[in-house]
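S.K.: Okay, handing you the structure first.
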Amino acid sequence: MGKMNCSIGLCDMQTMIHCSIFIFFLGGLSTMSFYRNNKQDVASHDITVTFTNAITRVFDHQGKLKSPPLSLSGTCDLFSGRWVHDNKSYYPLYKEHECPYLEENFACQTYGRKDSKYLQWRWQPHGCDFPRFDGKTIVERLRGKRLLFVGDSLNRNQWNSMICMLHSSIPGVKRAGGGLKGHLHTFRASDYNISIDFYWAPMLVESNGDNPKNHHAGDYRIVGIKAIEKHARHWVDADILIFNSYHWWRVPEVKLLKSGASLLYDTIQEYEEVDSLRAYNMGLKTWSDWAHTHIDPSKTKLFFMGVTATHSRAKEWGGMKKMNCYGETEPVMDDTFWERKIDPKMLSILESSLSKLKAKGVNVQIINITQLTQCRKDAHTTVYRKHWRPLTDEQKQNPRLASDCSHWCLPGVPDTWNELLLAYIFWFQN
């Protein structure tokens, strides 16, 4: 056998290279084994976040952007998942008594709710996670910006959640107020020049529900289907716009004003009655045209909140006939549960409207909270809220008749909507 023809230094160098490759290989196997055995433990480890139709990003537990891993494949839908009971996590994000801006409509514990398990559920997407809420980081990123929610009382529910989530992380002078005859609700942080506002426009276009204090129009809706500017002129200076509009269109027929919207409340006005699907499509068309004409996508981010569940029929989840969400303290544990009041045809109209708008160069990211609200029959305000009218004797004897199964207790489910919204605002460039 021939002798090895190399110097001692060269042989040592080759040996070191071979050893390094071997150690790197063993380290890789160990790392893969560790993550496979600990994939459920995400509370204190780096979180891999993959957005559908988005590049993969990695965050630490404070939501700070890190370098992506060497190789990742596949995507993850943050809106498809399950609720996990977690009484050791950081939920709730705030205490009810610690938020001076919490509205009486959503203050469930203040108005008598005794159970607290509904506060301890964490939304867990299938196969991934999203950044844990970090108020200080979000506040820094919101510096100098106006964030505006536009829509109905569910968007107001979410707006109230947002300011309760953030107010303790904002130093300096803060104040809340209203204006525009009750249409606008504001939260201002002067030192950071942050505005978090809500504008009441339940159908986006003008309607007989536009009066912020007296908008209970029964089962009929009257709209100026092409009239939006009266509302929309107050939206254009926002940096981030979050819209919603669905539940107010859920009536058999909508009355379309035949002439000027200025005569919306005139009893002699003439109307055209159309089915709700057609009316919803027309209303979204008016809104889309406005967004295409007035919004600069390089300056303003647009979002549209998905439809939320209204648990009005307990029979649908195996409860008693004629009951609703009243008295419910546990979620529906079937992740495939879907209530009948949500109309797939209306969801398709919304999806189609946003797709057409995107084709014109204006991207509106939908925050699809529909599935994640389906199971949370336990989280509504029911009777645990301020009642602006005295309860009748019948309602006192049968509380389900006075139960609100549309809105949500705070802290609660809307906090999760905002966590997802903030992830898309600051870490996914739409």
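S.K.: Residue by residue through segment 184-230, note down the ones that are in a loop (DSSP other than H, G, I, E, B), touching a residue at least 24 places away in the same chain (Cβ under 8 Å) and either open to solvent by less than 10 Å² (accessible area, probe 1.4 Å) or farther than 30 Å from residue 389 by Cα (or both).
M.R.: 192, 193, 201, 202, 203, 204, 205, 209, 225, 226, 227, 228
S.K.: Same structure, new question: So which residues in segment 338-369 are closer than 23 Å to residue 316 by Cα, at pLDDT 95 or above and among the β-branched types (Val, Ile, Thr)?
M.R.: 369 - this is the single residue of segment 338-369 that is closer than 23 Å to residue 316 by Cα, at pLDDT 95 or above and among the β-branched types (Val, Ile, Thr).
S.K.: Next question, about the same structure. Can residue 305 be described as on the phi < 0 side of the Ramachandran plot, open to solvent by 60 Å² or more (accessible area, probe 1.4 Å) and touching a strand residue (DSSP E or B) at 6+ places or on another chain (Cβ under 9 Å)?
M.R.: No: the conditions fail for residue 305.
S.K.: Continuing with the same structure: Only residues that are touching a helix residue (DSSP H, G or I) at 6+ places or on another chain (Cβ under 6 Å) and either surrounded by fewer than 19 Cβ atoms within 10 Å (Cβ to Cβ) or not in a helix (DSSP H, G or I) (or both): list them for segment 241-251, please.
M.R.: So the first thing to find is which residues in segment 241-251 are touching a helix residue (DSSP H, G or I) at 6+ places or on another chain (Cβ under 6 Å), and the list is 244, 249, 251.
Passing the criteria: 244, 251.
S.K.: Considering only segment 59-90, how many residues are under 21 Å from residue 161 (Cα atoms), open to solvent by less than 40 Å² (accessible area, probe 1.4 Å) and at pLDDT 90 or above?
M.R.: Total satisfying the criteria: 4.
S.K.: Further question: Within segment 104-138, track down each residue that is buried (at least 17 other Cβ atoms within 10 Å of the Cβ) and among the acidic types (Asp, Glu).
M.R.: 129, 134 - these are the residues of segment 104-138 that are buried (at least 17 other Cβ atoms within 10 Å of the Cβ) and among the acidic types (Asp, Glu).
S.K.: Determine whether segment 126-136 contains at least one residue that is in contact with a helix residue (DSSP H, G or I) (Cβ under 9 Å, 6 or more places away or on another chain) and closer than 16 Å to residue 381 by Cα.
M.R.: The answer is no, given that none of the residues of segment 126-136 is in contact with a helix residue (DSSP H, G or I) (Cβ under 9 Å, 6 or more places away or on another chain) and closer than 16 Å to residue 381 by Cα.
S.K.: Further question: Considering (1) farther than 27 Å from residue 186 by Cα; (2) under 26 Å from the mean Cα position of the chain (by Cα); (3) modelled with pLDDT under 95; (4) not aliphatic (A, V, I, L, M), say which one residue 285 fails and leave the rest.
M.R.: If we test residue 285 against (1) farther than 27 Å from residue 186 by Cα; (2) under 26 Å from the mean Cα position of the chain (by Cα); (3) modelled with pLDDT under 95; (4) not aliphatic (A, V, I, L, M), just (3) comes out false.
S.K.: Ok, one more. Among the numbered criteria (1) over 15 Å from residue 99 (Cβ atoms); (2) surrounded by fewer than 19 Cβ atoms within 10 Å (Cβ to Cβ); (3) not polar (S, T, N, Q), which single criterion is violated by residue 176?
M.R.: (1)
S.K.: Is it fair to say residue 408 is in contact with a Pro (Cβ under 7 Å, 6 or more places away or on another chain), in contact (Cβ under 8 Å) with a residue 60 or more places away in the chain and hydrophobic (A, V, I, L, M, F, W, C)?
M.R.: On the way: in contact with a Pro (Cβ under 7 Å, 6 or more places away or on another chain): yes; in contact (Cβ under 8 Å) with a residue 60 or more places away in the chain: yes; hydrophobic (A, V, I, L, M, F, W, C): yes.
When the stated conditions are applied, residue 408 passes them.
S.K.: Is it fair to say residue 270 is open to solvent by 50 Å² or more (accessible area, probe 1.4 Å), acidic (Asp, Glu) and at pLDDT below 95? Working first, answer last.
M.R.: Values: open to solvent by 50 Å² or more (accessible area, probe 1.4 Å): yes; acidic (Asp, Glu): yes; at pLDDT below 95: yes.
Yes; evaluated as a whole, the condition is true for this residue.
S.K.: Which of the residues spanning segment 340-386 are free of Cβ contacts under 8 Å to residues at least 40 places away in the same chain and farther than 23 Å from residue 289 by Cα?
M.R.: Once the filter is applied, which keeps residues that are free of Cβ contacts under 8 Å to residues at least 40 places away in the same chain and farther than 23 Å from residue 289 by Cα, segment 340-386 yields 340, 342, 344.
The values are calculated or read from the model by the stated rules, or taken from the named source; none is laboratory data. Please read all numbers here as calculations on a predicted model, not as lab measurements. Glycine gets a Cβ as well: all are built from the backbone with ideal geometry, and neighbour counts include every protein chain shown. The accessibility values were calculated without ligands, DNA or RNA, using every heavy atom of the protein model including side chains. Shrake-Rupley method; radii C 1.70, N 1.55, O 1.52, S 1.80 Å.
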